[in-house]
């Protein structure tokens, strides 16, 4: 739902330690939310996601539903 949790970040750290370069893809699919659900209020912000990736990620690929 758009949030990177510690499990994700541990995989990122392990990949970085092994390869030295990591690409992360982040996509929140609006079709997984029913009308009236909290798509607009997903807990993660782009600023927070980028901050979580800053140390061990070389590229963040974040497509939009339109792309």
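All of the numbers you see were taken from the coordinates with simple rules; none came from a lab. Nothing here was measured: the structure is a model prediction, and the numbers come from that model. Ideal geometry is used to build each Cβ from the backbone, glycine not excepted, and the neighbour counts take in all protein chains shown.
Measure off 7 Å from each Cα along the Cα-to-Cβ vector at residue 38 and residue 62, then give the distance between these two points in nanometres to one decimal.
Modelled inter-label distance: 2.0 nm.
Rounded if a/c is under 1.5, else prolate if a/b beats b/c, else oblate: with a ≥ b ≥ c from the C-alpha gyration tensor eigenvalues square-rooted, which is the stretch 6-61?
Prolate.
What 222 nm value per residue comes from the helices of the chain, counting each DSSP H run with n ≥ 4 as -39,500 (n - 2.57) and dividing by all residues, nearest 500 deg cm²/dmol?
Counting only the DSSP helices, I get -10000 deg cm²/dmol.
Label points 7 Å out from Cα along the Cβ direction at residue 19 and residue 31: separation in nm?
Placing both labels 7 Å along Cα→Cβ, they lie 2.7 nm apart.
Does anyone have the angle between helix 6-19 and the longest principal axis of the chain? Alpha-carbon axes, 0 to 90°, nearest 10?
On a 0 to 90 degree scale, this one is about 40.
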